[in-house]
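To keep things clear, I will list the structure first and then write my remarks on it.
The values are calculated or read from the model by the stated rules, or taken from the named source; none is laboratory data. Because the structure is predicted, anything quoted here is derived from the model rather than measured. No Cβ is skipped: glycine too gets one built from the backbone with ideal geometry, and neighbour counts run over all protein chains shown.
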Amino acid sequence: MITRVRSELTRYLRTETVGGALLLIAAAVALIWVNSPWGASYQTMVDTQLSIPALHLDLTLADWTKDGLLAVFFFVAGLELKREFAVGELADPKRAALPVIAAVGGVIVPALIAFTIGYGVPGMDRGWAIPVATDIAFALAVLAMTGSRIPPSARVFLLSLAVVDDLLAIVVIAVLFTATLSMLWLGVALACCAAWALAQRRRLHTPLFYLPVALVCWYALHEAGIHPTLAGVALGLLTRVRTDPGERTAPATHLEHVVQPISAGFCVPLFALFASGVPLNSAVFGSLFTDRLSLAIICGLLFGKVIGIFGVSWLMIRLGWVKRPAGLGNRDMFALSVLGAIGFTVSLLVAELALTEVGTDAMDLAKAAVLVTSMAASLIGSALLLRRGRVHQARRDADEHKRTEKGRRS
């Protein structure tokens, strides 16, 4: 009974709908808490120090969620990336071309818009990266809830787009937020990656080896001056995705089934709880649509993502360089492009990394811009998907009616 219940809970947490719902609940709790009479207790929790003196780790609880728990999220992203490129939708160059090109457009255009609007604003030398990311869990949750009548190719396109988008965002994080580099600790991290890859090659399965290697790799990158969440991506990409003869599942598939519920049910919601606590006072609302920092993020995320994803996709399809996903029209692609403007998790992370030195007010304003824009994109995208769903259902009903009438005549 216990095993069956645990299995059902794991399956439940693995669905995009539940992962996105938990993310939204955690963010809502943070917003309500910080703007309630007990808001001081929220800030006390966020700033609480949890240190490990022996390892020279002096981090707040918020830092642990940002640097530690998100490494688990990025590990799952790394596993998904490896699987998609090796045996999934991105393994076929012809099928991978459109979401890859769309993802590139969805990174470059928002960055250019944000940099142009926010040029000269303190923090925008790196803050232009805030609107470049699409939140996989949030976007797929909205699609699952409101796009059930859209052809299945829509999910494949959005998932592939978000996976490549996250890969590009990870590269941006690695380049922008590596201030000082310790070659000694970088060597230790690379040695851990090599040990992980060798163990995969030798078909070693015991977690007693992999867990210590992962922890040392995370710590080594932290000490090297590189954002430690990249340890998750690196180890995920080094995990084997193909099954051996007689093997039930590949290690990447097994690890994803084990780790994804932990990421979706605990790590990402807890990060959202600590990162989404933005005081929504008159000063924030007054600056949200007037301050160039927030306008750069809003325009970059909402307009930049839609223009970059849909515009590049439309152009490539029109030129005949790529094929449109089966069953999807331009309006379907536009609705999916709007979902690409949901930049929750990674955008909040980049906002914290980019604006730490600028000040709390700028960081809160940037987070508020991300939250407002992501919610707007989810609502607009949901409305568009529901409308397109009715159109597709009407077409299916008409086709079924024609087949029925033809059968009666014959």
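The table for this structure:
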| item | result |
| --- | --- |
| Single unsatisfied condition, K94 versus (1) free of Cβ contacts under 8 Å to residues at least 40 places away in the same chain; (2) under 23 Å from R324 (Cα atoms); (3) over 19 Å from the mean Cα position of the chain (by Cα) | (1) |
| Check on K323, part of a helix (DSSP H, G or I) and among the basic types (K, R) | no |
| When residues of segment 100-136 are limited to those that are of a type in the set (G, A, S) and assigned to a helix (DSSP H, G or I), the one surrounded by the fewest Cβ atoms within 10 Å (Cβ to Cβ) | A111 |
| 2 or more residues within 16 Å of the chain's Cα centre (by Cα) and more than 29 Å from L59 (Cβ to Cβ): qualifying helices (runs of 4 or more DSSP H) within segment 137-253 | 153-176 |
| Odd one out for A97, checked against (1) within 21 Å of V29 (Cβ to Cβ); (2) surrounded by fewer than 17 Cβ atoms within 10 Å (Cβ to Cβ) | (1) |
| Residue satisfying condition, being within 30 Å of A335 (Cβ to Cβ) and not polar (S, T, N, Q), within set P212, P207, P152 | P152 |
| Close pairs (9 angstrom Cβ cut-off, 6 or more residues apart or separate chains): of a type in the set (G, A, S) in segment 165-180, surrounded by fewer than 17 Cβ atoms within 10 Å (Cβ to Cβ) and modelled with pLDDT of 75 or more anywhere | A179/G225 |
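This table checks each residue for (1) of a type in the set (A, V, I, L, M); (2) touching a Cys at 6+ places or on another chain (Cβ under 8 Å); (3) in contact (Cβ under 8 Å) with a residue 24 or more places away in the chain; (4) under 17 Å from L355 (Cβ atoms).
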| site | (1), (2), (3), (4) |
| --- | --- |
| F289 | no, no, no, no |
| I298 | yes, no, yes, yes |
| G304 | no, no, yes, no |
| F310 | no, no, yes, no |
| L328 | yes, no, yes, no |
